[in-house]
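Read the structure below first, then the notes.
The values are calculated or read from the model by the stated rules, or taken from the named source; none is laboratory data. None of these values were measured; they are calculated from a predicted model. Neighbour counts are summed over all protein chains in view; Cβ atoms, including those assigned to glycine, are modelled from backbone coordinates with ideal geometry.
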Amino acid sequence: MAKPKQKYSTLLFSLFFIFSLSFIHGCLAQFDIDDDSWLDDDEASWLTEEDDGVIMVQNRRANLKNCDFSAGKWVYDESYPLYDSSCPYLSSTVTCQKNGRPDSDYERWKWMPHGCSIPRFNALDFLGRMRRRRIMLVGDSIMRNQWESLVCLVQGVVPTGRKRVTYDGPSMAFHAQDFEVSIEFCWAPLLVELKKGTNNKRILHLDLIEDNARYWRGVDILVFDSAHWWTHSDKWSSQMNEWVPNLSITLCKCVSVLKGGAYDIPLSLGTRWDYYMEGKNIYTNLNPMVAYEKGLSTWAKWVDLNLNPRETRVIFRSISPRHNRENGWKCYNQREPLGYFHQPDVPEQMLVLQGVLRRMRFPVYLQDITTMSLLRRDGHPSVYSKSMAQKEKEHQKDSSSDCSHWCLPGVPDIWNEMLNALF
């Protein structure tokens, strides 16, 4: 009698197995498994979007997936800004309202791409989606500008006792503790290493990066920029009106962030390089764009060899335009965006960057903010990068005019709304 029971059980098991396979196949078909969208957090979708060989930043949400965020217009919106200049994480040099700027319309413009819209930033939604993740913005003082913007966009929904800022070498991090989220900034304006050599000569090593890159390991979302410091004449890495966080100069990493960070200490030591090195080759005169391409290629090689696209997302933000013509007064007293540019020139740095990204194996996303920001010459601090006494107000033309950084609230908030639309 045992054999018929065993045969009957085997038949039932076979029927159940076939039914289960059919059910699972139906479920997988519903989720369109053929397009790899079932991978963790839709990672595969990050590996397929390309535009003329360069992967561009696009929204991962279905309704915005094909939107070109870089083409559009500025629209006045009374519901902006999303925070005010009392945010405690803002540097004094970008709190233009506190510093006496008489107009505030520059805070109320939002970017509207052609054919779609960028979702309004929602701090709780953003923190919820970023739970247990590290976000790091790497670059120069304009990237610090963007970091402060992002921190101010989220900090208002985090209880006072549940947020803090920590410091580690050239990096600082805002922690939203209940969400286990950190929003970090790492000072690395050249990405590659600037070191001190013999006879106190400063050497820009075009093929060395690990002293900076060791701070990038283990980060979930990396946002890079590097352009301005490569393009100044006489081998200076920045104009003298380039301001950085509260820094002490070190020889290995150029700078080390200390507490109290604000753009309140200029590069009094003239952070520059005396010559370039690549391997054992020394260059005393090198075309800045050639040097930039070599430095970016070193960064690209590090990303290709050290990061996994299923664990880390990498975005490269394009160059932030400056309106420094007319000795830095191009942005002074500007009150509204320009309407358009007729065929604006593509910055040479952008062409170099695109070429490097095309050669990479790792899917890096280019966030193109250049043209949209070029229209916003009204958004810079100009003379309102510091609080002025009455006598200074009467002689504003005797002050310096910052047409590189951005008032906050302001333009970098929109960059961060674009960034938020990625996730």
Only one of (1) free of Cβ contacts under 8 Å to residues at least 60 places away in the same chain; (2) within 26 Å of Arg313 (Cα to Cα) fails for Pro159. Which number is that? (2)
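Return yes or no: is Ser387 surrounded by 14 or more Cβ atoms within 10 Å (Cβ to Cβ), at pLDDT below 95 and small (Gly, Ala, Ser)?
Here the answer is no, as Ser387 does not meet what is asked.
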Consider the stretch 202-218. How many of its residues are within 15 Å of Trp187 (Cα to Cα) and surrounded by 18 or more Cβ atoms within 10 Å (Cβ to Cβ)? 6
Out of Met143, Met112, Met130, Met136, sole residue that is touching a strand residue (DSSP E or B) at 6+ places or on another chain (Cβ under 6 Å) and closer than 20 Å to Pro381 by Cα: Met143
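Please tell me if Ile221 is touching an Asp or Glu at 6+ places or on another chain (Cβ under 9 Å) and either on the phi < 0 side of the Ramachandran plot or among the hydroxyl-bearing types (Ser, Thr, Tyr) (or both).
no
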Can you tell me which residues in the stretch 85-118 are closer than 30 Å to Tyr365 by Cα and charged (D, E, K, R)? Glu107, Arg108, Lys110
From Ser182, Ser149, residue being small (Gly, Ala, Ser), closer than 25 Å to Trp216 by Cα and part of a helix (DSSP H, G or I): Ser149
Residues of the stretch 103-118 satisfying the condition of being part of a helix (DSSP H, G or I) and of a type outside the set (Phe, Trp, Tyr): Asp105, Glu107
Every residue in the stretch 119-141 that is assigned to a helix (DSSP H, G or I) and either more than 18 Å from the chain's Cα centre (by Cα) or modelled with pLDDT of 95 or more (or both), please. Ala123, Leu124, Asp125, Phe126, Leu127, Gly128, Arg129
When you scan the stretch 350-369, do you find a residue that is surrounded by 17 or more Cβ atoms within 10 Å (Cβ to Cβ) and modelled with pLDDT under 90, even just one? no
Could you grab me the full set of residues in the stretch 287-307 that are within 18 Å of the chain's Cα centre (by Cα) and outside any helix (DSSP H, G or I)? Leu307
I'm checking my understanding of the structure. Among residues of the stretch 145-163 that are charged (D, E, K, R) and more than 15 Å from Leu419 (Cα to Cα), which one is surrounded by the fewest Cβ atoms within 10 Å (Cβ to Cβ)? Arg162
